Amino acid sequence: MWTYEKKLMYPVKVSTCNPTLAKYLMEQYGGADGELAAALRYLNQRYTIPDKVIGLLTDIGTEEFAHLEMIATMIYKLTKDATPEQLRKAGLAEHYVSHDSALFYNNAAGVPFTAAYIQAKGDPIADLYEDIAAEEKARATYQWIIDQSDDPDLNDGLRFLREREIVHSQRFREAVEIISEDRDQKKVF
Amino acid sequence: MTHEKTPFRRSFTPFRGLYDPCPPLLKKTYVVPPNLFIGFQPPDFPQFSAIDALKTGTLWTPFYDYYDNPYKK
């Protein structure tokens, strides 16, 4: 069960009318290393992970939805007042003919989301290492979007999200430590 | 919150061939985030003020890494 707070995790402000940025941001919306993939991956893996780290996957998986909501807000703000012609110039004509300016879980190249992007191997180390890799890939994706964007207010929000990926990766690394250690065991040499 | 110098960047010079068509990108940089170096978070870790923590996205100063386009002139 979840409770919902009707506000964004971090305020989203977009200062320039540049629908092309919406296209790039879709990589984080419906892409392989995006926030949707992250949320679904963690919230699904938590059932078969050792008890000590279930809560971590719940917390991070939940936060990923809060990130998804920020990305959605950015994309929406960048496209809501765009004319079909502006969307075409932004490379979003293909998106427009199928979805108008509705959001959809595509990546930046228009490829729709698939569950094949994520895994649940059932092996705790394999799953946590996948999660660490996913966080690093999401961090890198934010970097490349920041490199392409010249909107200072949008980049501010993206920097916040990138920092969260660093912290999440740290926590997953600590989760590996937690389930690897055997300090409770009595050792006889 | 220093934005200028970060210890979390590395760079290398890609091989330059005689007949490469484009002007060389002399330095290729990449990020080595703070989570690579810290291990399990130790007790009494330094913290940001509440307002700075909300701004940066982390409560803990050693995890903070400001990013900007490294190719920007």
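FYI, it's all coordinate maths here, none of it is from the lab. It should be emphasised that the depicted structure is a prediction, and the values quoted were computed from it without experimental measurement. Using ideal geometry, Cβ is built from the backbone for each residue, glycine included, and neighbour counts are taken over all protein chains shown.
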Output field shielding_mean for B:56-66 (other chain Cβ, 10 Å radius) holds 4
Dividing the mean separation of Cα pairs under 8 Å (6+ apart) by the residue count of the stretch A:19-180 yields a relative contact order in percent of 32
Under the Karplus relation with 6.51, -1.76 and 1.60 and θ = phi - 60°, whole-Hz ³J(HN,Hα) for the stretch A:29-44, x at Gly and Pro, equal 8, x, x, 4, 10, x, 5, 5, 4, 5, 4, 5, 4, 5, 5, 8
Averaged over residues of A:144-154, the number of beta carbons from other chains lying within 10 Å of each residue's Cβ is 1
Exposure proxy ranking, count of Cβ atoms within 10 Å, fewest first, for A:77, A:6: A:6, A:77
Please list, or write none, the lysines whose alpha carbon is within less than 23 Å of the alpha carbon of residue A:187, excluding same-chain residues fewer than 8 places away. A:52
Straight distance only, please: which lysines reach the Cα of residue B:28 with their own Cα at less than 28 Å, same-chain residues fewer than 8 apart left out? A:23, A:137, B:5, B:72, B:73
Value of D in µm² per second that Stokes-Einstein yields for chain A, Kirkwood Rh from Cα pairs, at 20 °C (1.002 mPa s): 122
Obtain the radius of gyration and the Kirkwood radius of the stretch B:9-63 from its C-alpha atoms and give Rg over Rh. 1.28
If you take the charge dipole of the stretch B:9-63 about its Cα centre, with +1 on Lys and Arg Cβ and -1 on Asp and Glu Cβ, which of B:17, B:63, B:49 is farthest toward its positive end? B:17
For chain B, set up a Gaussian network in which alpha carbons nearer than 10 Å are linked by springs, and say which option among B:34, B:43, B:14 fluctuates the most. B:43
Looking at the stretch B:1-54, which trypsin sites (Lys or Arg not before Pro) are in a loop (DSSP not H, G, I, E or B) and have at most 16 other Cβ atoms within 10 Å? B:5, B:16, B:27
Across the residues of A:159-170, average count of Cβ atoms on other protein chains within 10 Å? 6
Let's test the formula: R0 of 35 Å, r as the Cβ-Cβ distance of residue A:2 and residue A:89. What FRET efficiency results, to the nearest 0.05? 0.35
Karplus-derived 3J(HN,Hα) from phi for the stretch B:18-29 (6.51 cos²θ - 1.76 cosθ + 1.60, θ = phi - 60°), whole Hz, x at Gly and Pro, runs 4, 10, 4, x, 9, x, x, 8, 4, 10, 9, 9
Quick calc, chain A, dipole around Cα centre from Cβ unit charges on Lys, Arg (+) and Asp, Glu (-), nearest 20 debye, gives 140
What does the extension gain come out to for residue A:181 and residue A:16, with contour length at 0.36 nm per residue minus their alpha carbon separation? 54.4 nm
Please check: in the Gaussian network model of chain A (C-alpha springs, under 10 Å), which one of A:140, A:38, A:108 has the largest mean-square fluctuation. A:140
Could you sort A:118-131, B:46-59 so that the peptide with the highest average Cβ count within 10 Å comes first and the rest follow in order? A:118-131, B:46-59
Show that you can apply the helix-only estimate: for chain A, add -39,500 (n - 2.57) for every DSSP H stretch of four or more residues, divide by all residues, and state [θ] at 222 nm to the nearest 500. -20500 deg cm²/dmol
